[in-house]
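The values are calculated or read from the model by the stated rules, or taken from the named source; none is laboratory data. Since we're looking at a predicted model, the values are computed, not measured. Cβ: placed from backbone, ideal geometry, glycine included. Neighbour counts: every protein chain shown.
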Amino acid sequence: MRQKILVTGGAGYIGSHTCVELLAADYDVVVVDNFSNSKPAALDRIAQISGRSVLWHEGDLRDRALLQRVFSQYAFAGVLHCAGLKAIAEAQREPLRYYQHNLEASLTLLDAMAAHDVRRMVFSSSATVYGEGARVPYREEAPLAPNTVYGRSKMMVEDVLHDLVQSDPSWHIGILRYFNPVGAHPSGLIGEDARGSVNNLMPHLCQVAIGKRAELPIFGHDYPTPDGTGVRDYLHVMDVAEGHVKTLQYLATESGLLTLNLGTGRGYSVLEVVRAFERASGKRVPSRYVPRRQGDLASYYADATRASSVLGWHAKRDLSEMCADAWRWQSNNPDGYI
Ligand code: NAD
Ligand code: UDP
């Protein structure tokens, strides 16, 4: 009998790649997703890659009756909680919606887990919880001071999880703070289906290369970094997916709270990413310097040693592989999942 894992937001970017890794590690997977930022087609592609299907339920995590039905139907061994909203600028404009989908949804999910005695969870957090004050490279024990609504919504869930474990040490909770996940499954069948206004660097690069946008705006070239452009810790989404499976396996026996950075431990500037992408895609990407984006930090990357020492996890794929896989996905699926 395979263990069953619930993946919330399993049709999304991180969730879909994680489902593939879970199936490869011989788990059964059940997805709950409201498809607010994804399509069921992603779940068909997962089956195409894996030769095995995921079961899925369409609905919102804040819907208690839905969760009651799903948790009654399956005996879950654990939950990977990837569902959430993630657009930083949108969160500033719509804080209530972000707190509802990120915080309230997490509380409802935790209630359902407690009611059905499912106490193993891996939560998708973000490096944005660190904020301006922390020393680079960020270590997990650095004080948290997020400077955005989005970052605060993640920190609030982290606080809830911390309090939960304090009150009842029988919970097994993993908090994964991703740095900048990019790339796609090497098959080119699943990837980041960026919809609406694209904000992040890699999807923007892909859209310029495919001809959907004329040029890449480079937000600031006067930062105190080697070439003046912002520096981030990009990591391959398949490494992120593997990190989830390792964390889940670790939590099978270890209780309490484990907080880990998922990053490579090194930063790349915007210009370095543009050059790597041009090499990987064979496309020239016109770009133009524009003023800094509000709220952006100059440079940060992970101290990734804890994930390595606790889980034996480290990011294996380099920047050229991230770019090549992102480009394969984009060029095979110019309009995303249709
Ligand atoms: P995504 O938007 O591709 O996936 C999120 C999924 O959750 C989508 O399929 C969406 O439809 C679903 N969803 C949203 N709210 C829901 C709700 N209330 N009920 C049910 N389903 C809901 O985003 P992603 O990039 O896969 O991110 C996954 C998680 O990782 C998010 O929590 C995000 O905040 C976090 N994260 C992402 C990044 C990144 O760069 N992609 C970095 C750090 C953290
Ligand atoms: N960036 C850019 N042009 C874009 C999108 C992003 O120059 O169109 C820069 C951004 O200023 C930052 C880096 O690329 O220095 C990564 O940005 P992204 O939004 O992908 O991640 P985040 O800033 O949230 O870490």
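Structural remarks
- Taken over the stretch 1-25, the residue count meeting the criterion of being more than 20 Å from HIS236 (Cα to Cα) and either under 16 Å from the mean Cα position of the chain (by Cα) or buried (at least 24 other Cβ atoms within 10 Å of the Cβ) (or both) is 3.
- Qualifying residue in the stretch 157-172 (condition: buried (at least 17 other Cβ atoms within 10 Å of the Cβ) and not in a helix (DSSP H, G or I)): yes
- The stretch 69-112, subset hydroxyl-bearing (Ser, Thr, Tyr) and buried (at least 22 other Cβ atoms within 10 Å of the Cβ), residue nearest to ligand 2 (Cβ to nearest atom): TYR98
- Look at the stretch 152-169: where a residue is without any contact (Cβ under 8 Å) to a residue 40 or more places away in the chain and a partner is outside any helix (DSSP H, G or I) and surrounded by 12 or more Cβ atoms within 10 Å (Cβ to Cβ), sitting 6+ places away or on another chain with Cβ atoms under 6 Å, you get ARG152/PRO146; MET155/LEU144; MET155/PRO146.
- Search result, residues across the stretch 104-138 that are assigned to a helix (DSSP H, G or I), among the aliphatic types (A, V, I, L, M), touching a residue at least 12 places away in the same chain (Cβ under 8 Å) and more than 30 Å from GLY267 (Cα to Cα): ALA105, LEU107, LEU109, LEU110, ALA112, MET113, ALA115
- Taken across the stretch 121-138, residues that are more than 16 Å from ligand 2 (Cβ to nearest atom), of a type in the set (S, T, N, Q) and on the phi < 0 side of the Ramachandran plot do not occur at all.
- Qualifying residues in the stretch 127-152 (those that are over 18 Å from ASN180 (Cα atoms) and among the small types (Gly, Ala, Ser)) - the one surrounded by the fewest Cβ atoms within 10 Å (Cβ to Cβ): GLY133
- Any hit, the stretch 305-319, residues being modelled with pLDDT under 95, away from ligand 1 (no atom under 16 Å from the Cβ) and more than 29 Å from ASP163 (Cα to Cα): no
- A single member of THR225, THR247, THR253, THR229 is among the β-branched types (Val, Ile, Thr), closer than 30 Å to GLN3 by Cα and buried (at least 16 other Cβ atoms within 10 Å of the Cβ), and it is THR247.
- Odd one out for ALA326 among (1) surrounded by 14 or more Cβ atoms within 10 Å (Cβ to Cβ); (2) modelled with pLDDT under 95: (2)
- Number of the exception - ALA194 against (1) touching a Phe, Trp or Tyr at 6+ places or on another chain (Cβ under 9 Å); (2) modelled with pLDDT of 95 or more; (3) in a loop (DSSP other than H, G, I, E, B); (4) within 16 Å of ligand 2 (Cβ to nearest atom): (2)
- Residue that is farthest from ASP44 (Cα to Cα) [pool: residues in the stretch 181-194 that are touching an Asp or Glu at 6+ places or on another chain (Cβ under 6 Å) and surrounded by 20 or more Cβ atoms within 10 Å (Cβ to Cβ)]: GLY183
- Condition met for GLY220 (buried (at least 17 other Cβ atoms within 10 Å of the Cβ) and within 24 Å of TYR99 (Cβ to Cβ)): no
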